[in-house]
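First the structure, in the form of structure tokens, and then the observations on it.
The values are calculated or read from the model by the stated rules, or taken from the named source; none is laboratory data. It should be emphasised that the depicted structure is a prediction, and the values quoted were computed from it without experimental measurement. Here the Cβ positions follow ideal geometry from the backbone for every residue, glycine too, while neighbour counts run over all protein chains shown.
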Amino acid sequence: MMTSPHTLRSLPALATTLALAAAFLLPATTAQASPVGDLQSTQASPSAAATDEATHEKKSKASTAERDYAAYSTDATSPLVLVNEHHPLQPRDYAPKDLVAVSGNGTEMVPRAAQAMKKLIAGGARDGQRLMVVSAYRSYAHQVNLFQRYTRKYGEDYASRISARPGTSEHQLGLSADLGAASGQCSLKACLADLPSGKWIAAHAADYGFIVRYPKDQQETTGYAFEPWHLRYVGTKAARQMEQDGVATFEQYSDDLVTARKKQKTKTSEKEAQASRQEAEAERQATQDKAARDAEWERQERRAEETRWWPDWARNAFSQ
Ligand SMILES: [Zn+2]
């Protein structure tokens, strides 16, 4: 009683008894401060888990984008690989693992391109256009021979304009084929474009996942004059996308793809930066909240200490 506040002296004995009872109840009252701590920890853990999850998701997305990018630039087994004078095959003497026959004349392509080409030929036949594959897969050794023959005949400069240097031919991918009218008319000639079969090819190639790889007036980009017969398999998605967006060359399409992926990467890193800013802000807010809660807890604790011996009615009256 010696430590009780002086205000208690004026209170009746009953009140003192009540105050004693209250003293036993008070620890329970102050204990109510601890749920605040629990609340803090329950608030903290789901947000921490969410952050972990988000980081994990970001990581897996980034690695997928990187894999696609690598596939575009170097993977000769990808239908989206870009091969031209400036982008030789890697390795230069690459040969596909699987090659299957496209038609009876010994021409071969990689399985999915061969399957698509067979469908294209069947589609042409349904529309009354009899088409045939003139040339499809050509090995590195074949291209070496061809190029040497042309070089001997016309000189290297001209040879490089009419034939791909070894290791830079799409035919070596097993994804390209030279197509023509079954009649042989305008075979490997620009006039194929004016024949009904050439027109049919131009109009329907994309439906089967092919593009006319060296279009008219695009020599500066592709390195080749117009070849209405040379089809390259890129898959229906890319072929249709090029057609819809009016992208003339595969060089352009590849550039767009790389740009889009770079943009996506930048966007991802921007998102990451934003997320870490938000994280820092949340942390700052949490620290502030905790300080406020601690201060409040201390205030309540002090008050409880001061009014430890007060009856409820007196405590209530005082606080009002
Ligand atoms: Zn060709």
Checklist entry - Among all residue pairs at least 6 apart or on different chains, which show Cβ distances below 9 Å where the first residue, located in the stretch 172-197, is farther than 21 Å from V234 by Cα and among the basic types (K, R) and the second is at pLDDT 95 or above and more than 12 Å from the ligand (Cβ to nearest atom)? => result none
Checklist outcome for this item: Restricting the stretch 216-241 to residues that are among the β-branched types (V, I, T) and surrounded by fewer than 17 Cβ atoms within 10 Å (Cβ to Cβ), the one nearest to the ligand (Cβ to nearest atom) turns out to be T221
Checklist outcome for this item: The number of residues in the stretch 95-143 that are touching a Gly at 6+ places or on another chain (Cβ under 7 Å) and assigned to a helix (DSSP H, G or I) is 3
Item to check | Qualifying residues in the stretch 83-118 (those that are at negative phi and of a type in the set (G, A, S)) - the one surrounded by the fewest Cβ atoms within 10 Å (Cβ to Cβ) | outcome: G104
Next on the checklist: free of Cβ contacts under 8 Å to residues at least 12 places away in the same chain, more than 25 Å from M132 (Cβ to Cβ) and either within 16 Å of the ligand (Cβ to nearest atom) or assigned to a helix (DSSP H, G or I) (or both): which single residue out of Q244, Q264, Q252 fits that description?
Outcome noted: Q244
Checklist entry - Out of (1) within 14 Å of the ligand (Cβ to nearest atom); (2) touching a Leu at 6+ places or on another chain (Cβ under 7 Å), what's the single condition that is false for R138? => result (2)
Checklist entry - Based on what the data block shows, is S183 surrounded by 13 or more Cβ atoms within 10 Å (Cβ to Cβ) and polar (S, T, N, Q)? => result no
Next on the checklist: Given the criteria under 22 Å from P88 (Cβ atoms) and of a type outside the set (K, R), does F226 qualify?
Outcome noted: no
Checklist entry - Given the conditions (1) under 22 Å from A193 (Cα atoms); (2) more than 16 Å from the ligand (Cβ to nearest atom), which single one is not true for R213? => result (2)
Checklist entry - What about I121, is it more than 25 Å from D245 (Cα to Cα), β-branched (V, I, T), surrounded by 14 or more Cβ atoms within 10 Å (Cβ to Cβ) and touching a strand residue (DSSP E or B) at 6+ places or on another chain (Cβ under 8 Å)? => result yes
Item to check | All positions within the stretch 282-320 that are assigned to a loop (DSSP other than H, G, I, E, B) and either surrounded by fewer than 10 Cβ atoms within 10 Å (Cβ to Cβ) or aliphatic (A, V, I, L, M) (or both) | outcome: Q320
Next on the checklist: Here's a check for you: in the stretch 144-183, which residue that is more than 16 Å from the ligand (Cβ to nearest atom) and either in a loop (DSSP other than H, G, I, E, B) or in contact with a Gly (Cβ under 7 Å, 6 or more places away or on another chain) (or both) is farthest from G123 (Cα to Cα)?
Outcome noted: G155
Checklist entry - What number of residues within the stretch 283-305 are out of contact with any helix residue (DSSP H, G or I) (no Cβ under 9 Å at 6 or more places or on another chain) and touching a residue at least 60 places away in the same chain (Cβ under 8 Å)? => result 0
Item to check | Answer from S139, S176 - the residue that is over 22 Å from Y208 (Cβ atoms), at pLDDT 95 or above and crowded, with 17+ Cβ neighbours inside 10 Å | outcome: S139
